[in-house]
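Have a look at the structure below, then the notes.
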Amino acid sequence: GSFLEEKAKHYFKQLTDAVCYLHELDIAHRDLKCENVFLMWNNQIKLGDFGFARSCVDCSGKKVLSDTFCGSAAYAAPEILKGISYDPKMYDMWALGCILYIMITASMPFDDTDVRKMIKTQLNGSIFTSLFLWTEHSMALKQLLNSLLEPDLNRRITIKGVKSHQWFQQ
């Protein structure tokens, strides 16, 4: 089932701390999904499966884009599904949005049985028209999800933006 918002915040903060640590080291996970987030006996989150992780910079420190389709289609950002080069850190951000959505709703944000339809849904933001009329969740949570599941790479929130987001301050 889904988590209450406060419980989701507790777990999601730990997950964002782990991703922030990776991103500060210029490493992207590239396979963030619920199946790779482990809940330990003491209510602590552990992130696993680093098989697709990669450096985001070359040996001279220059930012490097990825071309490889990694991870699961259900968590894939629009740029991945379109087959264009992408910033792997921003792919992680999209996947974090999918995970948070699943924590709150106990359902997938996008139906991956039809990739074309999924891309269209992602690009027009139609996921938020019906499911986002929840009254039991805060506006800050909805804003954070909108920022994470933002199809425009230039407007998608970074990990530092997530960590300082007002949802965590409430």
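The values are calculated or read from the model by the stated rules, or taken from the named source; none is laboratory data. Just so we're clear, the structure is a prediction, and the values are computed from it rather than from any experiment. Here the Cβ is made from the backbone with ideal geometry for all residues, glycine too, and neighbour counts use every protein chain on show.
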Got a number for residues in region 124-149 being within 19 Å of the chain's Cα centre (by Cα) and either acidic (Asp, Glu) or modelled with pLDDT under 70 (or both)? 6
Going through (1) in contact with a strand residue (DSSP E or B) (Cβ under 6 Å, 6 or more places away or on another chain); (2) without any contact (Cβ under 8 Å) to a residue 24 or more places away in the chain; (3) within 19 Å of Thr158 (Cα to Cα); (4) of a type outside the set (S, T, N, Q) one by one, Ala18 fails only at (2)
Of all residues making up region 40-96, the number that are touching a residue at least 60 places away in the same chain (Cβ under 8 Å), more than 19 Å from Asp17 (Cβ to Cβ) and among the acidic types (Asp, Glu): 2
Of the residues in region 23-39, those that are under 21 Å from Ser164 (Cβ atoms), of a type in the set (A, V, I, L, M) and touching a residue at least 40 places away in the same chain (Cβ under 8 Å) come to Ala28, Leu32
Which numbered condition Ile99 fails, given (1) touching a strand residue (DSSP E or B) at 6+ places or on another chain (Cβ under 9 Å); (2) farther than 25 Å from Glu6 by Cα; (3) not hydroxyl-bearing (Ser, Thr, Tyr): (2)
How many of the residues making up region 27-47 are part of a loop (DSSP other than H, G, I, E, B) and over 23 Å from Thr158 (Cβ atoms)? 5
Just give me the residues in region 140-169 being among the aliphatic types (A, V, I, L, M), closer than 13 Å to Lys13 by Cα and touching a Ser or Thr at 6+ places or on another chain (Cβ under 7 Å), in sequence order. Ile159, Val162
